[in-house]
Amino acid sequence: RDLVIRGITTKEGENEETKKQSKHFVCTSCHNLDREDPDLTQADPEARLSYVKEKGMPFLQGTSLYGVINRTSYYNGDYEKKYGKLVYNARNDLREAIQLCAVECAQGRRLQSWELESILAYLWTIGLQLDDLNLDQNEKDKLKNARIGEGDKTAAIEMIKSHYLQASPATFGSPPEDRKEGYDKIGNPDNGRLIYDLSCQHCHERSRYSFFNLDDATLTFKYLERHLPKYTRYSIYQVGRYGTPPLNGKRAYMPQYTLEKMSNQQMEDLRSFIEQEASGF
């Protein structure tokens with residue numbers, strides 16, 4: 001848990017803390033540690049935003065580590081476009097997926113074997129629980145019978161797996177063709193406020209994980225509004241859909257949001273909030 005939250009820990013039997021895994025990020029920069037979806041069979045960013053608001057959690061680019069131990073595939077979909085052959089070893093191997101995240105996503109060092117096993121041990125403590133699956137009574141009875149040898153265990157396993165995603169889908173989006181006009185959606189500034197608070201400011205408030213500070217000043221929103229139609233790292237369309245690359249001497253970067261993590265509608269919600277705040281009213 002220390003390694004996941006702080007990126008450092010103390011090895012058993014030693015008094016000194018380990019070398020920080022990354023100077024830039026920790027696991028919780030991009031991943032929650034609690035359940036973040038009301039329906040575990042769906043990757044729905046609209047439902048997720050409402051859920052994390054209710055639970056007091058951030059709205060992030062990465063999938064929650066809660067239940068990651070129960071999944072069978074990682075770096076799915078379009079992440080192969082981003083990381084290429086690096087995903088091959090990580091696709092069906094959680095250990096390799098963690099190492100890929102440590103080096104490429106966190107821009108840090110590879111984990112030592114004992115650090116990796118420590119993280120896995122923690123992840124086993126935040127696996128899915130039966131209560132998360134919303135089984136009906138008939139399904140509970142089938143599971144009970146399978147456990148005592150009076151039912152089909154294979155069918156019971158498949159039934160359980162049908163109640164949660166085995167892998168998190170990842171589809172890269174593109175900015176609107178006309179960035180001045182935006183996507184063909186009507187923005188909701190109230191939802192946009194949630195995205196700004198729970199997502200943008202998770203990393204940018206007081207430059208937590210970024211050199212670019214975001215606060216609630218009107219001038220800040222005017223700056224963001226001015227960059228909306230531009231092809232710069234300060235345009236929500238540009239960084240939301242393409243992210244920013246790590247640079248020499250400045251390895252901290254911004255990962256993009258897949259469509260499963262922020263919809264085009266939510267992008268317009270964020271825009272409408274920025275425009276509302278930039279107006280000063």
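Report the residue, chosen from LEU198, LEU86, LEU33, that carries the largest GNM mean-square fluctuation when the chain is represented by alpha-carbon nodes joined by springs under 10 Å.
LEU86
Taking only C-alpha pairs under 8 Å that are 6+ residues apart, what is the relative contact order of the stretch 189-278 in percent?
Relative contact order of the stretch 189-278: 38 percent.
If each DSSP helix of 4+ residues adds -39,500 (n - 2.57) and the sum is divided by the residues in the chain, what number results at 222 nm, nearest 500 deg cm²/dmol?
Calculated at 222 nm, the ellipticity per residue is -10500 deg cm²/dmol.
Please work through the chain and write down the cysteines that have no neighbouring cysteine Cβ at a distance under 4.7 Å.
Cysteines lacking a close Cβ partner in the chain: CYS27, CYS30, CYS200, CYS203.
Going by Cα centres, the stretch 219-281 and the stretch 145-178 are how many Å apart?
Computed from Cα coordinates, the inter-centre distance equals 32 Å.
Expressed as a rounded percentage, what relative contact order does the stretch 1-101 have, with Cα pairs under 8 Å and six or more residues apart?
Relative CO of the stretch 1-101 lands at 18 percent.
From Cα pairs below 8 angstrom and at least 6 apart in sequence, can you work out the relative contact order of the chain, rounded to a whole percent?
21 percent
Tabulate in residue order the Karplus-calculated ³J(HN,Hα) for the stretch 92-104, using 6.51 cos²θ - 1.76 cosθ + 1.60 with θ = phi - 60°, rounded to whole Hz; enter x for Gly and Pro.
Couplings: 10, 9, 4, 4, 5, 5, 5, 5, 5, 5, 4, 8, 8 Hz.
Dipole size in debye (nearest 20) for the stretch 189-278 around its Cα centre, Lys and Arg Cβ +1, Asp and Glu Cβ -1?
The dipole magnitude comes to about 560 debye.
Across the stretch 147-262, how many lysine pairs, 8 or more positions apart or on different chains, have C-alpha atoms separated by under 20 Å? Please give the number.
6
Name the residue, out of LYS11, LYS23, LYS230, whose mean-square fluctuation peaks in a Gaussian network model built on the chain with Cα pairs under 10 Å.
Comparing LYS11, LYS23, LYS230 in a Gaussian network model of the chain, the most mobile one is LYS11.
Can you give the FRET efficiency for PHE211 and LYS20, using 1/(1 + (r/R0)^6), R0 = 25 Å, r = Cβ-Cβ distance, to the nearest 0.05?
For R0 = 25 Å, the calculated efficiency reads 0.85.
Test of understanding: in a Gaussian network model of the chain with alpha carbons linked when under 10 Å, which of ILE160, ILE236, ILE126 would top the mean-square fluctuation ranking?
ILE160
Sequence-distant or interchain residues sharing an amide H contact under 5 Å with LEU128, placed H: which?
GLY67, ASN70
Each value in this text was obtained by applying a stated rule to the coordinates, not by laboratory testing. Bear in mind that the values here come from a model prediction, so they are computed numbers and not experimental data. Cβ: placed from backbone, ideal geometry, glycine included. Neighbour counts: every protein chain shown.
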